[in-house]
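Shown next, in structure tokens, is the structure this report addresses.
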Amino acid sequence: MSEVADAPFSTVEINNEDREEEDLFASAVQEVSLDPEVNGGQEDIEKSNMGDISISSPATIGSPIMEEIATERANNIIITVTEPQKIGEGMSSYVAYRVLTKTNMPIFSRHEFAVLRRFSDFLGLHEKLTEKYLRSGRIIPPAPEKSIVGTTKLKMTSTPSTESANGTNSSASVQSIFVERRRAALERFLNRVAQHPVLCIDPDFREFLESDTELPKATSTSALSGAGMLRLFNKVGETVNKITYRMDESDPWFEERCARIESLESGLRRLCGACEALATERRELATRAHDAARSIAAAAAADPHAPLSRALSHLSDLHEKIEHLRNEQANTDFYVLTEHIKDYLGLINAIKDVFHERVKVFQNWQHAQMQLTKRRENKAKADLANRPEKIAQASTEIIEWESKVERGQQEFDSISRVIKKELERWEEVRLSELRATLLRYLEEHMKHQAQAIRYWDAFLPEPRAIK
């Protein structure tokens, strides 16, 4: 991570003088990935000895054989999104990110490579993966949502500078935070895809990571494009369909999982709101500490008693340190815990999407069954009327719709089976990820509290020295 990209959140660590600068989101990438061994470390990549996977194998990407091969070992791949840079000026400008990949997976041509990708390239990749795999029941990791307001403000600034959030340029600070949050979200998206046993070997994903040439511009991802408006109308139609159509669930497993996901989403949304409010409150406390420091400094300058003035001056310095500490606590609340919760809310939406795909497959199957029943009724009427030409036509249609019914049932059974596997895989790591996030969150706040105690202990001799 470049120094520019790290600056806004460098205050999260306490006593990090002897440590290298690290991205605030670095552990979040590891903790929220769908596979616990994402970002396993360079040493793991160098030591791992994975078997060869032949690209020319006759097995297709979605075949059970390829899935079995892919899931035999953890995916040794680390993807880092760094160095956001603004290209161009005005409304035609955009921000590009350097995507660095380190891997020993044999499906890639090199062990380490880097490419430059713009935000629309990430959205284009997500769209391609969705078109390919959502219909089959795969949980597609969510990509960051577009922000028209944030993007427009960024386009109108001179550079995507990443000044410290405590700097004097508040406008640049806001934009730097926007860029850093998007960068970290893009990094988490790619690492989730990389740890999926099927998505990681997709040709479009490999091209995204490896191709040195600029990818074709994904114009359909633009919110104001014709394709974007069509996608918006389709989403409205999907939402209406979800509300108006209720599938009579016959599988207790899906019934229980749907209820569990709804309950989990509701709880996480409440928790997310509470964490954001907590972070806001800590920032407000930081502001109050700043005001107190200035007031105490003024009182120290006006007091004629030297020992008392000196003690008040040290107390002012102490409140300035407490101000920075409160901001660090707020950053921990937001970027360690709240961002993790938002990630899971996005994943839950992806899970609900595959549930809805299953409902759509069921609707198609039921439609085929109704059409088959109708054709059989037509044949029965033709038999009673003794009309050979109608009988022959109805018989042909019956054969056609029987085939469609069979394919519909097979597709429904297949998507149900894949969704169960995907959910089981997701739930396997959910508890460990949440545990890791909570431990990091508590450790950070313990460091903050210990630092606050050291600050007050260092100040205590000053008031005792007042005579």
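The values are calculated or read from the model by the stated rules, or taken from the named source; none is laboratory data. Computed from a prediction, not measured in an experiment: that's the story for all the values here. Heads up, the Cβs are rebuilt from the backbone with ideal geometry, glycines too, and the neighbour counts pull from every protein chain shown. The area values use the complete protein model at the heavy-atom level, side chains included, leaving out ligands, DNA and RNA. Shrake-Rupley method; radii C 1.70, N 1.55, O 1.52, S 1.80 Å.
Remarks
- For segment 406-413, 3J(HN,Hα) computed residue by residue from phi via the Karplus equation (6.51, -1.76, 1.60; θ = phi - 60°) reads 5, 5, x, 5, 5, 5, 5, 4 Hz, glycine and proline entered as x.
- For F113, residues with placed amide H under 5 Å, excluding near neighbours: T101
- Listed residue pairs exceeding 25 Å between alpha carbons, taken from K146/K352; K132/K352; K132/K420; K146/K420; K360/K390: K146/K420; K360/K390
- Rolling a 1.4 angstrom probe over the protein heavy atoms with all chains in place gives segment 260-330 an accessible area of 55 Å² per residue.
- The figure for E320 is an accessible area of roughly 90 square angstrom, using a 1.4 Å probe on the protein chains alone.
- Reported to the nearest whole Å, the Cα centre-to-centre distance from segment 288-308 to segment 312-348 is 26.
- Protein heavy-atom accessible surface, 1.4 Å probe, per residue over segment 366-467: 66 Å².
- The residues M105, M247, M370, sorted by heavy-atom accessible surface at 1.4 Å with ligands and nucleic acids left out, run M370, M247, M105 from largest to smallest.
- With θ taken as phi - 60° and the Karplus curve 6.51 cos²θ - 1.76 cosθ + 1.60 applied, the whole-hertz 3J(HN,Hα) list for segment 134-143 is 5, 4, 8, x, 6, 7, 8, x, x, 8 Hz, x standing for glycine and proline.
- Farthest positive-ward along segment 262-301 dipole, Cα basis, beta-carbon charges - from A293, C275, S263: A293
- The shape of segment 271-401 comes out prolate: with a ≥ b ≥ c from the C-alpha gyration tensor, a/c is at least 1.5 and a/b beats b/c.
- Solvent-accessible heavy-atom area per residue, rounded to whole Å², over segment 96-144 at 1.4 Å: 36
- Nearest-10 value in Å² for the accessible area of F119, using the 1.4 Å probe: 20
- Among K381, K447, the sequence by solvent-accessible area, most first, with a 1.4 Å probe is K381, K447.
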